[in-house]
1. Working only within segment B:188-233, note down all residues that are basic (Lys, Arg) and assigned to a loop (DSSP other than H, G, I, E, B).
2. Is it the case that segment B:108-117 has a residue that's at pLDDT 95 or above, within 14 Å of another protein chain (Cβ to nearest Cβ) and more than 21 Å from B:Ile242 (Cα to Cα)?
3. Give B:Met172, B:Met185, B:Met124 a once-over and let me know the one that is within 12 Å of another protein chain (Cβ to nearest Cβ), at pLDDT 95 or above, part of a helix (DSSP H, G or I) and within 26 Å of B:Arg288 (Cα to Cα).
4. What tally of residues in segment A:225-240 results from selecting those that are at the interface with chain B (Cβ under 9 Å from one of its Cβ atoms) and more than 18 Å from the chain's Cα centre (by Cα)?
5. From the list A:Leu123, A:Leu148, exactly one residue is under 18 Å from the mean Cα position of the chain (by Cα), at pLDDT 95 or above and either among the small types (Gly, Ala, Ser) or crowded, with 22+ Cβ neighbours inside 10 Å (or both). Which is it?
6. Do we have A:Thr134 as out of contact with any strand residue (DSSP E or B) (no Cβ under 8 Å at 6 or more places or on another chain), surrounded by fewer than 19 Cβ atoms within 10 Å (Cβ to Cβ) and either closer than 14 Å to A:Met99 by Cβ or of a type in the set (Ser, Thr, Tyr) (or both) here?
7. Quick one: how many residues across segment A:153-174 are buried (at least 18 other Cβ atoms within 10 Å of the Cβ) and more than 23 Å from A:Glu88 (Cβ to Cβ)?
8. Say we look at segment A:216-244 and pick out the residues that are within 27 Å of A:Arg139 (Cα to Cα) and out of contact with any Lys or Arg (no Cβ under 8 Å at 6 or more places or on another chain); which of these is surrounded by the most Cβ atoms within 10 Å (Cβ to Cβ)?
Amino acid sequence: MTKKEALYQYLLRMGDDSLILGQRLSELCGHGPILEEDIATTNISLDLIGQATLLLEYAGELADEPKTNDELAFLRIEKHYANALLVEQPNGNFGDTMMRQFLFDAYRKPLLEQLMQSVDKRLAGIAEKALKETKYHLRHSSEWVIRLGDGTQESHSKVQASLESLYRYAHELFFENEVDEILLNEGIIPAAKTLFPLWEKTVTEVLEMATMSLPKNNWKFQGGREGRHSEHMGFLLAEMQYMQRTYPNMEW
Amino acid sequence: MMEIDIKELEKKFQLKIDKDIRIEPNDWMPDAYRKTLIRQISQHAHSEVVGMLPEGNWITRAPNLRRKAVLLAKVQDEAGHGLYLYSAAETLGADREQTIDDLHSGKAKYSSIFNYPTLSWADMGAVGWLVDGAAIMNQVPLCRCSYGPYARAMVRVCKEESFHQRQGFEIMTKLASGTSAQKEMAQDAFNRFWWPALMMFGPSDADSSHTEQSMRWKIKRHTNDELRQMFVDATVPQAELIGLTIPDQDLKWNTVKEGYDYGAINWDEFWQVVGGNGPCNKERVDARRKAKEDGKWVVEAAMAFAQKRSAKKSA
Amino acid sequence: MEKSKEWPLWEVFIRSKQGLNHKHVGSLRASDATMAIKNARDVYTRRSEGISIWVVPSNNITASDPNNEDSLFEPAQSKVYRHPTFYDVPDGISHM
C-alpha cells in the first residue's frame, strides 16, 4: 500500500464518520425534545456534514480515479464505507443519541488536536477548523450525559442502558491496521494508543459526574472500518442515496 | 376598573397607535388587542414549527452535500423563528407550553400549507420559492406591526428568511434547466403548490372576519387580497423566466389595474384543509405531539438536575 | 399537565461587537444558566451576531411601571441642561 492509498483510506474513515453521524442527526431535525435542543442538534449535524464535505473532497482527489465528494458520499456501495459501527447506530431515544455523540466526540477531539500537528498541512487545516466545532459538540454531549445520568431515576436508568448498548461499539474508534502504520511513520496521523487514554479519561470523568458506571460487558464490536457494517447501514444508505440512484448523472 | 376609565384608556391607546407609537409588553392594552395578538403570534409560531416537517421530510434524501447542508440550515432557521415568536407571545402572558399544548389538542391553528405533502425533491424548490415567498409578503409589513416585540421578532425573521426563498428558486431553476425528468418534476411540484400558496393569504377580504379591526390596530397593514395580488404579480414573471407554466388558464395581464387577473380559488378545499381534512393534518400534529411526549423525560431530567445542583450550591 | 416541570424563561442580551453594549434580543427556555448560554448561542447567534452573551432569569427582572411613565421620565425631559446642545459655544471653537 502506498502512502497515497493509505491517506485516501484514512480520509474516508474520518469523512464517513462525519457524514454518517451527520446524516443520523439530520433525521432528528424537527423532532427534538424541545425547540432549543432541536436547533442545537441540527447545528452539530451541520458541522459534521461540513467536515465530511472537506474530508471527502480531499479523499476524492487521492482516489485512483479522482472523484468528487458527492460521488464518494452518495455513490459507493456499502462495503466501501469506512465509518465506525458506532456512528451508524440508530438515534434511539434522546439518551442514545447523546451517548453515541459523547463517545464519538470524546475520541474526535483529541484526534483533531493531534492532527493539527500533522505534516500533511491540508489535513492539519481541516482538523483546526473541525476542532473548534468538536469542542463545542463534546461540551454539549457531555453536559447532556451528566444531566441525564444525574437527573431523575428514569433518565439515569435510560442513559445507563444507552451506555451499555453503545459502549461495545466505541473501541472500534481505535482500530488500527496497515493504513495507520504507514501514516504514523510519515508523521501524518497520531497513534491510536496515544488517543485511547485521553478518550478513557474524558469518559471516566464524565460518567463519574453523571453518577454512572462503566458497563461490565467488555465485548468489542468491530467491522465498520473494514466495510462490514451493521444491518442499519443499508437502510441509511438507501435513504441517503435515493436521489442519486434514482436519477443517475444529473445536476441538482 | 370603572367603565369610564377603560373608555379613556382605549382612546389613549388608539391615539398612540394612530401616531405609530409602538405598544410594549407592560403598556395598557385592550383585552381584545392582547387576545388577537396572542392568537396571531402563536399561530405564526406554530406555522414555523410545523413548517419544519414537510421540508424535514427531504433532509435525509437531499441529492448532494451542498443541498443537504442548505436545507438543514433552512429548516433550523424555522425552529429559530418559531422560538422568536413563542418568545414574543410570552411577553403577552401566553405561556409557551400551554400554547404548544393548544396546538397538540387541535385548539390552535397553523398555516394550512403545511398540511400538504412533499412528494419529490422539486417540492423543496416549490416550498422555498412559493411558500416562503408568500410568507415574506405577509411578514414584511408585520415588521411595522404596532406591537413592539412582534415587530422586532419579524425584523429578525425577515432578515434571515431572505435566503430561504432564493435557495428554493435556485433549486427550481436548476431543475427547470435540467433533464426532462427534472423539468417534469419541477412542473409537477409547481402545479401542486401554486394554488395552496395563493390560499396562504387567507380568505378573500369579503369573508375575512379579523381584517378590519386588525388594520385599525395596525397589527395588519394590508388586506389578504392586496397581499395575494402582490404575490401573483411578483411570482408569474419568475415562473415564466425559468420556463414553468402557471397552472391557471384564466391568468392574464390586466392593463387597467396593472396586475394579473387570476382564476377562482377553490375555497372549499381551503376550508376542508383548515378543518382537518388536508392530506397531512394528522401526521403533522402527531409528529409534534410525539416529539414532546418522547422528550418529556429529558425535560424533566434537566430540571431535576438543575434543582439538585442549585441545592448543592446553596447548601 | 404539571406546570412546575417546564424550564424557566431567560432573557438574552448580546454584545454584537467589542465596544458596544449588550442588547436585549429575546428570550428562551433552559433548565439552568449553562444551558441558557448554550441555547442562546445556537438560537440568537447562528449568523455570528454576537461575541458575548448575557442571560438573566426573566423573573429576576424588575421593570418600571408604564403607568408611572409620567412621573419617572417626564422630569428628565425638562432638564435640558444635561444635554450638550443646551450650551452656546462661541463661533471660533469647532470641537468641544
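The values are calculated or read from the model by the stated rules, or taken from the named source; none is laboratory data. What you see is a predicted model; the values in this text were computed from it and never measured. So basically every Cβ, Gly included, is an ideal-geometry build from the backbone, and we count neighbours across all protein chains shown.
1. Once the filter is applied, which keeps residues that are basic (Lys, Arg) and assigned to a loop (DSSP other than H, G, I, E, B), segment B:188-233 yields B:Lys218, B:Lys220, B:Arg221.
2. Checked against the condition, which is being at pLDDT 95 or above, within 14 Å of another protein chain (Cβ to nearest Cβ) and more than 21 Å from B:Ile242 (Cα to Cα), segment B:108-117 yields at least one hit.
3. B:Met124
4. So the count comes out to 1.
5. Residue meeting the stated conditions: A:Leu123.
6. It is false that A:Thr134 is out of contact with any strand residue (DSSP E or B) (no Cβ under 8 Å at 6 or more places or on another chain), surrounded by fewer than 19 Cβ atoms within 10 Å (Cβ to Cβ) and either closer than 14 Å to A:Met99 by Cβ or of a type in the set (Ser, Thr, Tyr) (or both).
7. Within segment A:153-174, residues that are buried (at least 18 other Cβ atoms within 10 Å of the Cβ) and more than 23 Å from A:Glu88 (Cβ to Cβ) number 2.
8. The residue in question is A:Gly224.
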